[in-house]
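Only the coordinates and a few stated rules stand behind these numbers; no lab work does. Remember, it's a predicted structure, so these values are computed and weren't measured experimentally.
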Amino acid sequence: MLKKIILILVIFMGLSACASDNFLNSVVIENNDGQMSVILRTDKIAKVRKEIESPDKIVIYMKGVEQSPDINTLYKNTSNINGVAVQSVGNNDIKIYLDATGISKANVILETPDASPITVVSRASEGKVLWSIVSILILLSVMRSAKKRPKQKTREELIKEREMALYRNFQKEVSSMPNINYKLKSYKKHVLKGETLRNYANTITKV
C-alpha cells in the first residue's frame, strides 16, 4: 500500500513539473524601420492577450507560463522606453507592463523554439473586427429588405392603371347590353305566325 502511495506521489510531482516547465525567458523590444515589436520568448506556446490602456501604455497577460529567474529584457534600435515590469500574478500567470512612446501600435509576438512566431491580436483590434462583421451583416440585411420591398408607383402610373380599370369595366358593361336585333325568347311562344298589329286591325274592321 505504501509503495502505491509513493508511486502516485511521484507521478503527481512529475506531472506538476511537466505542467510548469514553461518559462518566459526574455522580453525583447525592437524598432524595425519605424515599426515597434514586443517579442516574448518562452519554452512552449502560451496564451497571450494584449490590452491597450493608452497610446503609450499596454498590459500583456500570459497564461500557462512562469517567469524565469534569469529573465532578460533587451532593447533593439529603440531608446524611448520609459519602463518594463514583469509580474507573476498567480499559478502560471504573468502580467507585463510596458510604458513607451507609441507602444500601443507595437506588434506583440510570441516566439518558441519549436514553433513559428505568433502575432498576438489586441482586445481593441478584436472589437474592431467584430464590429466590422456586425456592420457588414446589418448592411446585407438592409439591402435584402430593400430588394423585397415593392417599388412605389408614380402618379402617372397610378392614373394609367385607374384608366385601364375603368376601360375594362366599360367593356364588360357594353358586352352585357342587348343589341338592336335582340328578341325576347318568349316572343315565339306567345305570338303566332301572322298575328301582327296589322292582322288584328283587319279583324276589327271586318267585324
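How much length is gained if the chain between S79 and T119 is pulled fully straight, taking 0.36 nm per residue apart and subtracting their Cα-Cα distance, in nm to one decimal? Walk me through the intermediate numbers first.
On the way: separation 40, 0.36 × 40 = 14.40 nm, distance 2.30 nm.
Fully extending the segment from S79 to T119 adds 12.1 nm.
For a distance above 18 Å, tell me the whole-number percent of Cα pairs in the range 22-120 that qualify. Provide the component values of the computation, followed by the final result.
Details: 1930 of 4851 pairs.
Here the tail beyond 18 Å accounts for 40 percent of pairs.
Gain on full extension, evaluated as 0.36 nm per residue between N107 and E156 minus their Cα-Cα distance, stands at 11.4 nm. In summary, the aspartates and glutamates within cross-link reach of K76, defined as a Cα separation below 16 angstrom excluding same-chain residues under 8 places away, comprise E30, D33, D99. Within a straight-line Cα-Cα reach of under 14 Å, K47 can be paired with the following aspartates and glutamates, leaving aside sequence neighbours fewer than 8 residues apart in one chain: E66, D93, E111.
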